[in-house]
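Single-structure report; data block below.
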Amino acid sequence: MIAGAMFYVFALVLIASAVAVVSVRQPVNAVLFLILCFFNAAGLFLLLGAEFLAFILLIVYVGAVAVLFLFVVMMLDVQGDAPRPPLKRFLPMSLGVGAVLLVQVVVMAVFWPQAQAVISVATDIENTKALGRVLYTDFIYPFQVSGLVLLTAMIGAIALTQRGSRGTKRQNVQAQLDRRAEDVVSLHHVESGKGIL
Amino acid sequence: MTSILFALPEITVALAAMALLLIGAFRGDKAGGLVTSAAVVSLLAAAALVALGRESGVALYGMFAVDDYRRFVKVMLLIAAAGSLVLAPVFFGGQKSGLKPEYPVLVMLATLGMMLMISAHDWIALYVALELQNLGLYVLTAFQREEKRSSEAGLKYFMLSAFSSAIMLFGLSLLYGFAGGTGFDVMAHTLAQGQAMPIGLVVGLVFVMAGFALKVSAAPFHMWTPDVYEGAPLPVTAFLAAAPKIAALALLAVVLGVPLIAAASVWQPVLMALAVASMALGSFAGLLQKNIKRLMAYSAIANVGTMLVGLAALDPVAGGMSVEGLQGVLIYLAVYFVATLGVFGVVAGLRQGEALVESVDDLAGLSQAHPWLSLVLAAMLFSLAGVPPLAGFFGKYFVLLAAVKAGLWPLALIGVLASVVAAGYYLRIVKIMYFDKGSGSVLTSPRSYAHNCGLALATLFVVLFVLWPSPVIEGAHQAVERLLVP
């Protein structure tokens, strides 16, 4: 009963905030609505008993991806008051995508009983625990190699973008000590009434 | 037996890469030369560790396999990686940015990915290892970020390779759906039940092969090769031409020959089509190239096509992958990577004023100015062309002989014809070096001691292979027999 009510609350807020993401004028507000979307989707996952997916959604999408979007939006200097492109231009495309999604949902609904017979669901163990049991035992090898993949990506990102300290004015003590008066000071005899140049 | 010690060479390379990364981080860009030398030493040490291994088996929960075949390929791979790293100082020394310590570290990590690819015994292990290799290669290709061409090549390679990885992953998911497990053993067992092959399995298999074809740059998935070879910094081009080809072809042979052997009726025609297209395109399109790096790209396409002929050969009696075919591929890989590295090794040491030598016509008159270097380059090119006393001939000989024995004589015939056409562009370079009048403006950059040693060893290997071929030929035979004959 309560679970059913909560499903409708999460689902309605999810749909409403998804509509808001594409309809509000300020990009920053759109990203904030996107975060609301993620929270509600996470709530739906929790209701389904998929608590690991719910946490991953919050940690990865809200904690990292949405924050990245916010940074991009704030840095790009996009204004919300630009004229909106006509709806007509996007309508055929969006109707097409919507139709494909609808067909997929119908196909899944029709074949779901068959698929459920194949998928075995262990109900006696939470899925975080189940993942934890195999992630560091049976799958330790791909897990470690994934770590190396991320290390490579990190080194690569730094090697390709780091510009060094060319723009900063750091004090170089040795250069200051090496500076000699005869190299940098020159004496000019300036005639009166004329400049140096 | 799940001993983690099976992965000792891989662990060594991983730890050495991280230690060198720390040295680079604390010592700054000045440490580039030191880190590069240390990286070469650790790669060669890992090769020695691999060569000393005797035991065979599967470790790390059935995901990591070690046997004679894997050892043979890994030794080749590590020597190729070390050899391409030796070319780095002379090239980056002439650049504004100098040799950064990240460069050898990334080469080591990409090489580690290739070692793990070779040892893969599970689809998940295969995929993560492939991604480790790819990420390293993308960054290396774009490494000269002040050069527009390098960034462009990096972006192109990234887009196409990521796309092919996605296709391959989709194919792997279909194979998993068929077998119900990700291990190679599960796949082989399920296929051996002898049921009719569902369409999903065929689609998945073709997708996986398309992914592999792009990695080894087989036509019609070769489009990235000339642009990436041309744009990447020269030592990276040398690395790209040698190491990933060894890893990807060796892995393709394992995947097709062991878990998917019962589906040979599906993959053999695909391999034959890829082989014919690559040999034809690589040989003819190479004739039009003026740039040395682009020419080597088409040479790679043609050579990979010839090697695919060896993989397509099936044993007419036992029905499995032909032992002689795969043996020929290993010999071919060995002589091919040495000759390719040799060509890049000579070119890396040449410059015209401040600029690098890139055009074939810049080599005119090289034989008068630098007779020894010309001799080395000529030996490498004759070997690539497959002229008999040199090593390259034996690669082609064993592969095409296996194809004839397996009844694929049309493919062998195309292979011979393609080699004759391709010989045209190799010999053209020799003709330009020895018979064309040059302006004499080609200079040599100061090469390191290791660079000269590498060139000398490569030349000795190519020239003297005919006198003492047994280590490679016998080693390849033993390695392949252990893999294919249970």
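Observations
- Boolean, B:ALA166 is assigned to a helix (DSSP H, G or I), out of contact with any Ser or Thr (no Cβ under 6 Å at 6 or more places or on another chain), farther than 20 Å from B:LEU20 by Cα and within 10 Å of chain A (Cβ to nearest Cβ): no
- Test: residue in region A:122-133 that is within 11 Å of another protein chain (Cβ to nearest Cβ), surrounded by 10 or more Cβ atoms within 10 Å (Cβ to Cβ), assigned to a helix (DSSP H, G or I) and among the hydroxyl-bearing types (Ser, Thr, Tyr): no
- No other residue among B:LEU87, B:LEU78, B:LEU112 is surrounded by 24 or more Cβ atoms within 10 Å (Cβ to Cβ), at pLDDT below 95 and under 22 Å from B:VAL40 (Cβ atoms) apart from B:LEU87.
- Some residue of region B:311-322 being on the phi < 0 side of the Ramachandran plot, crowded, with 24+ Cβ neighbours inside 10 Å, not hydrophobic (A, V, I, L, M, F, W, C) and not in a loop (DSSP other than H, G, I, E, B): no
- Residue tally, condition among the small types (Gly, Ala, Ser) and on the phi > 0 side of the Ramachandran plot, over region B:59-104: 2
- Taken residue by residue, region B:255-274 has no member that is of a type in the set (Val, Ile, Thr), surrounded by 24 or more Cβ atoms within 10 Å (Cβ to Cβ) and not in a helix (DSSP H, G or I).
- Note on region B:90-109: residues that are surrounded by fewer than 23 Cβ atoms within 10 Å (Cβ to Cβ) and modelled with pLDDT of 90 or more amount to 0.
- Yes/no for B:ALA219 being small (Gly, Ala, Ser) and modelled with pLDDT of 95 or more: no
- Residues of region B:32-61 that turn out to be small (Gly, Ala, Ser), in contact (Cβ under 8 Å) with a residue 60 or more places away in the chain and within 14 Å of chain A (Cβ to nearest Cβ), as a count: 2
- Any hit, region A:91-114, residues being away from chain B (no Cβ under 14 Å), at pLDDT below 85 and part of a helix (DSSP H, G or I): yes
- Yes/no for A:ALA64 being under 30 Å from A:ALA130 (Cα atoms), loosely packed, with under 14 Cβ neighbours inside 10 Å and touching a residue at least 24 places away in the same chain (Cβ under 8 Å): no
- The single condition among (1) away from chain A (no Cβ under 12 Å); (2) buried (at least 24 other Cβ atoms within 10 Å of the Cβ) that B:SER161 does not meet is (2).
- Counted residues, region B:337-366 - those being modelled with pLDDT under 85 and in a strand (DSSP E or B): 4
Here's the yes/no breakdown for (1) closer than 23 Å to B:ALA285 by Cβ; (2) surrounded by fewer than 22 Cβ atoms within 10 Å (Cβ to Cβ); (3) touching a strand residue (DSSP E or B) at 6+ places or on another chain (Cβ under 7 Å):
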site	(1), (2), (3)
B:VAL347	yes, no, no
B:LEU400	yes, no, no
B:VAL430	yes, yes, no
B:PHE435	no, yes, no
B:GLY438	no, yes, no
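- Among the residues of region A:155-176, those identified as modelled with pLDDT of 85 or more, surrounded by 11 or more Cβ atoms within 10 Å (Cβ to Cβ) and more than 7 Å from every other protein chain (Cβ to nearest Cβ) are A:ALA157, A:ILE158.
- Long-range neighbours under 8 Å by Cβ, at least six apart or interchain, first residue on the phi > 0 side of the Ramachandran plot within region B:379-395, second part of a helix (DSSP H, G or I): B:GLY386/B:GLY392; B:GLY386/B:PHE393; B:GLY386/B:GLY395; B:GLY386/B:LYS396; B:GLY386/B:SER419; B:GLY386/B:ALA423
- Only listed residue being touching a strand residue (DSSP E or B) at 6+ places or on another chain (Cβ under 8 Å) and at pLDDT below 95, chosen from B:LEU260, B:LEU256, B:LEU287: B:LEU256
For (1) more than 17 Å from the chain's Cα centre (by Cα); (2) free of Cβ contacts under 8 Å to residues at least 40 places away in the same chain; (3) crowded, with 16+ Cβ neighbours inside 10 Å, each residue gets a yes or a no:
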{"position": "A:VAL21", "(1), (2), (3)": "no, yes, yes"}
{"position": "A:VAL28", "(1), (2), (3)": "no, no, no"}
{"position": "A:LEU32", "(1), (2), (3)": "no, yes, yes"}
{"position": "A:CYS37", "(1), (2), (3)": "no, yes, yes"}
{"position": "A:ALA42", "(1), (2), (3)": "no, yes, yes"}
{"position": "A:PHE55", "(1), (2), (3)": "no, no, no"}
{"position": "A:VAL60", "(1), (2), (3)": "no, yes, no"}
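- Among the residues of region B:48-90, those identified as of a type in the set (A, V, I, L, M), within 20 Å of B:LEU483 (Cα to Cα) and touching a Gly at 6+ places or on another chain (Cβ under 8 Å) are B:MET63, B:ALA65, B:VAL66.
- Subset of region B:127-148 [hydrophobic (A, V, I, L, M, F, W, C) and more than 9 Å from every other protein chain (Cβ to nearest Cβ)]: B:LEU130, B:LEU137
- Counting only residues that are of a type in the set (Phe, Trp, Tyr), more than 22 Å from B:PHE239 (Cα to Cα) and over 19 Å from the mean Cα position of the chain (by Cα), region B:347-403 holds 2 of them.
- For region A:134-150, taking the residues that are at the interface with chain B (Cβ under 9 Å from one of its Cβ atoms) and of a type in the set (Ser, Thr, Tyr), the one that is surrounded by the most Cβ atoms within 10 Å (Cβ to Cβ) is identified as A:TYR141.
- Lone qualifier among B:TRP409, B:TRP372 - being under 14 Å from B:VAL347 (Cα atoms) and free of Cβ contacts under 8 Å to residues at least 40 places away in the same chain: B:TRP372
- Residue that is nearest to the other protein chains (Cβ to nearest Cβ) [pool: residues in region B:62-106 that are over 21 Å from B:ALA355 (Cβ atoms) and part of a loop (DSSP other than H, G, I, E, B)]: B:MET63
Listed here are the residues, each with its yes/no results for (1) within 8 Å of another protein chain (Cβ to nearest Cβ); (2) among the small types (Gly, Ala, Ser); (3) in contact with a Phe, Trp or Tyr (Cβ under 7 Å, 6 or more places away or on another chain); (4) more than 16 Å from A:ALA157 (Cα to Cα).
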position: B:THR111; (1), (2), (3), (4): no, no, no, yes
position: B:LEU116; (1), (2), (3), (4): yes, no, no, yes
position: B:ALA125; (1), (2), (3), (4): yes, yes, yes, yes
position: B:SER150; (1), (2), (3), (4): no, yes, yes, no
position: B:ALA188; (1), (2), (3), (4): no, yes, no, yes
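The values are calculated or read from the model by the stated rules, or taken from the named source; none is laboratory data. Keep in mind that this is a model prediction, so the values were computed, not measured. Using ideal geometry, Cβ is built from the backbone for each residue, glycine included, and neighbour counts are taken over all protein chains shown.
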